[in-house]
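See structure below.
The values are calculated or read from the model by the stated rules, or taken from the named source; none is laboratory data. The shown structure was predicted, so the numbers you read here are calculated from the model rather than taken from an experiment. FYI the Cβ positions are ideal-geometry reconstructions off the backbone, even for glycines, and counts take in every protein chain you see.
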Amino acid sequence: MEGSQARQPIGRHARHLGLLSLVACLLALGGCRKEAPQGSSGLVGQPEPSWSYVTPEGKPIASADFKGRTHMVVFWATWCGPCRQEVEELKAVRTQFSKDSLEIVGLSVDESVSPVPVSMQELKIDYPVAVGAFPLFDSLHFDGIPRSYLVDAKGIVREEFDGLTDRGQLAAAVARALK
């Protein structure tokens, strides 16, 4: 009996180690990011990718709706802590510029629509949000959220942001895009 008690803690530690290894692998493959890795997807300098989705209420929303306006497209998910933190940064930047000069649109990559309106209310999101955007996210070969790109009034992607980005960086990028 003493021998089996000695082995039990080792088995429990092995299970914890296995679980920690799995979590580490998932994080290494992408997921939520607090800090941005180096590099970009190659969107900068290119026309904005065309997209069309619906809001959680079923209202159509598309990239064409923002034609001629500087706007930021933000990929996020309700379960992503850094995405939720970034909402405050986005709202702060939004208040620094008039609605005519900057629009923000959130594209949810959640598998289900149901948590999106709940999170929008909890976070007091005051910009449009579309659901079902994982196909676009995947087609752009993005590998973590939050992930954003800034589009100028001519429809050209001017900057990309990978990971939680603070309001200072966002505001500076918007100011450059508005010049």
Tabulated pairs, the range 113-128, first modelled with pLDDT of 95 or more, second surrounded by fewer than 12 Cβ atoms within 10 Å (Cβ to Cβ) and not charged (D, E, K, R), C-beta under 9 angstrom, 6+ apart or interchain: none
Within the range 101-111, identify whether any single residue is within 18 Å of Arg167 (Cβ to Cβ) and touching a residue at least 60 places away in the same chain (Cβ under 8 Å), and answer yes or no. yes
Which numbered condition trips up Thr95, out of (1) among the β-branched types (Val, Ile, Thr); (2) surrounded by 19 or more Cβ atoms within 10 Å (Cβ to Cβ); (3) more than 27 Å from Gly42 (Cβ to Cβ)? (2)
When only residues in the range 133-152 that are modelled with pLDDT of 95 or more and among the small types (Gly, Ala, Ser) count, which is nearest to Ala64 (Cα to Cα)? Ala133
Please work out which residue is nearest to the chain's Cα centre (by Cα), limiting yourself to the range 52-77 and to residues that are buried (at least 19 other Cβ atoms within 10 Å of the Cβ) and more than 11 Å from Val131 (Cα to Cα). Val74
When the residues of the range 134-157 are narrowed to those that are under 14 Å from the mean Cα position of the chain (by Cα) and hydroxyl-bearing (Ser, Thr, Tyr), which ends up surrounded by the most Cβ atoms within 10 Å (Cβ to Cβ)? Tyr149
Which numbered condition trips up Phe137, out of (1) in contact with a Phe, Trp or Tyr (Cβ under 7 Å, 6 or more places away or on another chain); (2) more than 19 Å from Gln46 (Cα to Cα)? (2)
